[in-house]
1. Listed residues A:165, A:149, A:136; which is loosely packed, with under 15 Cβ neighbours inside 10 Å and in a strand (DSSP E or B)?
2. Given the criterion out of contact with any strand residue (DSSP E or B) (no Cβ under 9 Å at 6 or more places or on another chain) and either modelled with pLDDT under 95 or over 28 Å from residue A:30 (Cβ atoms) (or both), identify the matching residue among B:131, B:125.
3. Could you check, for segment B:215-224, whether at least one of its residues is outside any strand (DSSP E or B) and within 14 Å of chain A (Cβ to nearest Cβ)?
4. Considering every residue within segment B:67-86, establish whether at least one is away from every other protein chain (no Cβ under 14 Å), in contact (Cβ under 8 Å) with a residue 12 or more places away in the chain, farther than 16 Å from residue B:235 by Cα and outside any loop (DSSP other than H, G, I, E, B).
5. Could you please give the count of residues in segment B:157-179 that are buried (at least 17 other Cβ atoms within 10 Å of the Cβ), assigned to a strand (DSSP E or B) and in contact with a helix residue (DSSP H, G or I) (Cβ under 8 Å, 6 or more places away or on another chain)?
6. Among the residues in segment A:85-101, are any over 25 Å from residue B:68 (Cα atoms), touching a helix residue (DSSP H, G or I) at 6+ places or on another chain (Cβ under 9 Å) and within 11 Å of chain B (Cβ to nearest Cβ)?
7. Which residues, counting only those in segment B:163-209, are away from chain A (no Cβ under 14 Å) and under 18 Å from residue B:240 (Cα atoms)?
8. Are there any helices (runs of 4 or more DSSP H) wholly within segment A:1-81 with 2 or more residues that are facing chain B (nearest Cβ under 10 Å) and touching a residue at least 12 places away in the same chain (Cβ under 8 Å), and if so which?
């Protein structure tokens, strides 16, 4: 059975309440980079919040991308595996190569208002079936002719969505 | 980096711990330096201490911003270009400014920036995250005020003359100057008409003298470029800032 190929999107939000070391590093370094890069879009220092900078200078949208450079080193440390999302056996299993970083909110005077999101877009998974509340999938490329197909089962959960669906031909 | 800092402090604490009774030494690992300086025991007998066990890793380590790197090619095709930028301080008789952050960014051989590689509909970068910031980088100036990047000769896009963007910060991260670096026209003409990655796109449609950015400031924004298509080019340029 094959319902199609899907890509999952996990939106991981990181803010001042970050507990894990990895999240703290992303939080601290993205804020430091925000302080550096935001100066170009706030040259008269009129605004303190990212929202105000966006409202006054449409080019401030570039800050999402520019600040993301500070966290790519941490993405590498994940070795291509989406964090937090575990299979029903409790293992991380979701491969990714693409991502988008967002500044949700920030303020050059108040670090506690800094909040970012890392959107992990998974590689394609083959969605075979749904068992109860779990999806039965295999990572694309796992299949070998005549061989047993290794699969994963996982539950949909908050901040995890299906980004794309490619119907079987 | 933080881990090194921790280890260094840990060693300092051990140095003190060696002269206090073992029971206190055990508490020491979570104690602060200030409390350890008040202890004055002198057992001194244990000269070696068990090596601590650590998490089996992998676990995250502090990484410098991925902007901090000298090679910014990230797989982009083009004629090799070494970019040497010297930062000088107008407020200090044009002496070299050390410790300054220098960010540069420029377009590919055919005129694209890494910023604009997102998919048109979805907005998620389709290129591998490890290459998502190609042709962008940050270096810190040395004692001569110099930074060096390894890159490719930029292409051009309409309606601009070929250029490299640069943003200079002082060591504390305060923005000092956002500027651009222009290229000698004869070199551009050679690269854009003879080098394979550039030929199809042809020569720039905007001369330095007609460019919206450079036309009124070319004298201090024009770089010096030497080399050849086969051997690669070296760009040297000085940027003067008030720091």
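1. Values: A:149 fails: in a strand (DSSP E or B); A:136 fails: loosely packed, with under 15 Cβ neighbours inside 10 Å.
Residue meeting the stated conditions: A:165.
2. Result of the check over B:131, B:125: B:131.
3. Within segment B:215-224, not a single residue is outside any strand (DSSP E or B) and within 14 Å of chain A (Cβ to nearest Cβ).
4. no
5. 4
6. As a first pass, look at segment A:85-101 and keep what is over 25 Å from residue B:68 (Cα atoms): A:85-95.
Within this subset, residues satisfying the condition of being touching a helix residue (DSSP H, G or I) at 6+ places or on another chain (Cβ under 9 Å) are none.
No: zero hits.
7. The first filter runs over segment B:163-209 and keeps only residues away from chain A (no Cβ under 14 Å), leaving B:163-164, B:181-209.
Correct list: B:163, B:164, B:181, B:182, B:183.
8. A:21-38, A:62-68, A:72-76
The values are calculated or read from the model by the stated rules, or taken from the named source; none is laboratory data. Owing to the predicted nature of the structure, the values given are computational and were not obtained by experimental measurement. So basically every Cβ, Gly included, is an ideal-geometry build from the backbone, and we count neighbours across all protein chains shown.
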